[in-house]
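Just below is one structure, and these are the notes that go with it.
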Amino acid sequence: MIRDFTSTRLFLRPALSEGAVVDLDAKQANYLANVLRLRDNDTVLVFNGSDGEWRATLAASGKKTWRLTATEQTRPQPHAPDLQYIFAPLKHARLDYMVEKAVEMGAGRLRPVITRHTQVTRINRDRMEANAIEAAEQCGILTLPTIDEPIALGDLLDRWEKNDTGRRLIFCDESAAGDPLTQLASLKRDIANESPLPGGERDRVREVAPNPPPLAVLIGPEGGFAQDERAALLSRPYVTAISLGPRILRADTAAVAALALVQATLGDWRA
């Protein structure tokens, strides 16, 4: 199926199916009718995060009200990405940027974590969701990430083996040395060796249909991790520490760098 990269895309909350009619709220109606200057019988692409992508026809339903009618499904709903992004919250605009880029890079769950040097301990989940929706609309993404409430780093680690069994945590460690590609390649071999399939069959399956393993990526705060936090992370068997190179990166830059490395070596960029 050929992707449509030119049509306007809009996130809607109601269920979508052939013939479904959705009354637009004032903000959406203003955007389509007054900002984009769309008129009766113009079409847009719509999605709701669970029913795939649909082409929908615009029609006036009153003097200043508009509705969309879904006419055909253009893409089925894919499986949600099983890549988690764990991060120390940042202030306003930089957190907005981080959320947008994490969604674009394929994160399926956003998990704020509070560390010793975290600058911000409270988040606006509605604002985070709005940024995630905007990124999904602009980039053709059909699944919105889950957004968690903030949790202390110690609590996250204490609950990991119960709540995240089998998930590897990739810890972007400012004190780590070495080549991150080599470090991730080593993790890839470790994960492959844990497969219950015989060696030859395991390799054949991975060549035919690479299936990203359940992963999480952890980026710390601007001030870095405290020494006891770093020690606690490195003591966990499910944690792999990687370097992000010789320069100190801002947290929002580190997010893009780390997610790109992980997606390219272990994630869905290989598919």
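The values are calculated or read from the model by the stated rules, or taken from the named source; none is laboratory data. Since we're looking at a predicted model, the values are computed, not measured. In this analysis, Cβ positions are derived from the backbone assuming ideal geometry, glycine residues included, and neighbour counts consider all displayed protein chains. For the accessible areas, the whole protein counts, side chains as well, though only heavy atoms, and no ligand, DNA or RNA atoms are used. Shrake-Rupley method; radii C 1.70, N 1.55, O 1.52, S 1.80 Å.
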Over the alpha carbons of the chain, what is the largest minus smallest coordinate on each principal axis, giving the biggest first in Å? 63, 48, 34
For the chain, the dipole about the Cα centre with charges only on Cβ (Lys and Arg +1, Asp and Glu -1), to the nearest 20 debye, works out at 380 debye
Quick check: at a probe of 1.4 Å, how many percent of the accessible area of the chain sits on carbon and sulfur atoms? 50 percent
Give me the accessible area of V239, 1.4 Å probe, in Å² rounded to the nearest 10. 20 Å²
Among DSSP beta bridges lying fully in the chain, give the percent that are antiparallel, nearest 5. 40 percent
Ranked from the most accessible area to the least, with a 1.4 Å probe and all protein chains present, what is the order of R75, R189? R189, R75
With the charge dipole of the chain built from beta-carbon charges (+1 for Lys and Arg, -1 for Asp and Glu) about the Cα centre, the Cα from L32, L184, A251 projecting farthest to the positive end belongs to L32
Accessible-area value, D190, 1.4 Å probe, nucleic acids and ligands omitted, Å²: 70 Å²
How much accessible area does C139 have with a 1.4 Å probe, in Å² rounded to the nearest 10? 60 Å²
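I need the calculated FRET efficiency for the pair K162 and R270, taking r as the beta carbon distance and R₀ as 30 Å, to the nearest 0.05. List each step's numbers first, then the result.
On the way: r = 30 Å, r/R0 = 1.00.
Efficiency, from the Cβ-Cβ distance: 0.50.
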Please report the net charge: other residues with Cβ closer than 13 Å to the Cβ of A264, K and R +1, D and E -1. +1
When every protein chain stays in place and a 1.4 Å probe is rolled, V120, V21, V46 sorted by accessible area with the largest first are V21, V120, V46
Report, in degrees rounded to the nearest 10, the 0 to 90 angle that the Cα long axis of helix 180-193 makes with the longest principal axis of the chain. 90 degrees
Could you identify which residue out of S243, S186, S50 has the top mean-square fluctuation in a GNM of the chain using Cα springs shorter than 10 Å? S186
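Two-decimal Rg/Rh of segment 107-177 from alpha-carbon positions, Kirkwood Rh? Intermediate values should be presented prior to the final figure.
Numbers: Rg = 14.4 Å, Rh = 14.3 Å.
Rounded to two decimals, Rg over Rh is 1.01.
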Highest-MSF residue in the chain out of L24, L184, L259 [GNM, Cα springs under 10 Å]: L24
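How do K64, K188 rank by accessible surface area computed with a 1.4 Å probe, from largest to smallest? Let's see the in-between values first.
Values: K64 170, K188 90 Å².
So the residues, ranked largest to smallest area, are K64, K188.
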Distance between Cα centroids, segment 113-162 to segment 208-257: provide it in whole Å. 15 Å
Using the Karplus equation 6.51 cos²θ - 1.76 cosθ + 1.60 (θ = phi - 60°), what ³J(HN,Hα) coupling, rounded to whole Hz, does each residue of segment 222-227 give in order, writing x for Gly and Pro? 4, x, x, 7, 5, 4
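To the nearest 20 debye, what charge dipole does segment 59-167 have about its Cα centre, counting +1 at the Cβ of each Lys and Arg and -1 at the Cβ of each Asp and Glu? Let's see the in-between values first.
Numbers: 16 positive and 15 negative charges, 72 e Å.
Using Cβ point charges on Lys, Arg, Asp and Glu, segment 59-167 gives about 340 debye.
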Given C139, N41, G19, which one lies farthest toward the positive end of the charge dipole of the chain, if we put +1 on the Cβ of every Lys and Arg and -1 on the Cβ of every Asp and Glu? N41
Using only Cα atoms, find the angle between the long axis of helix 153-163 and the longest principal axis of the chain, and express it within 0 to 90 degrees, rounded to the nearest 10. 80 degrees
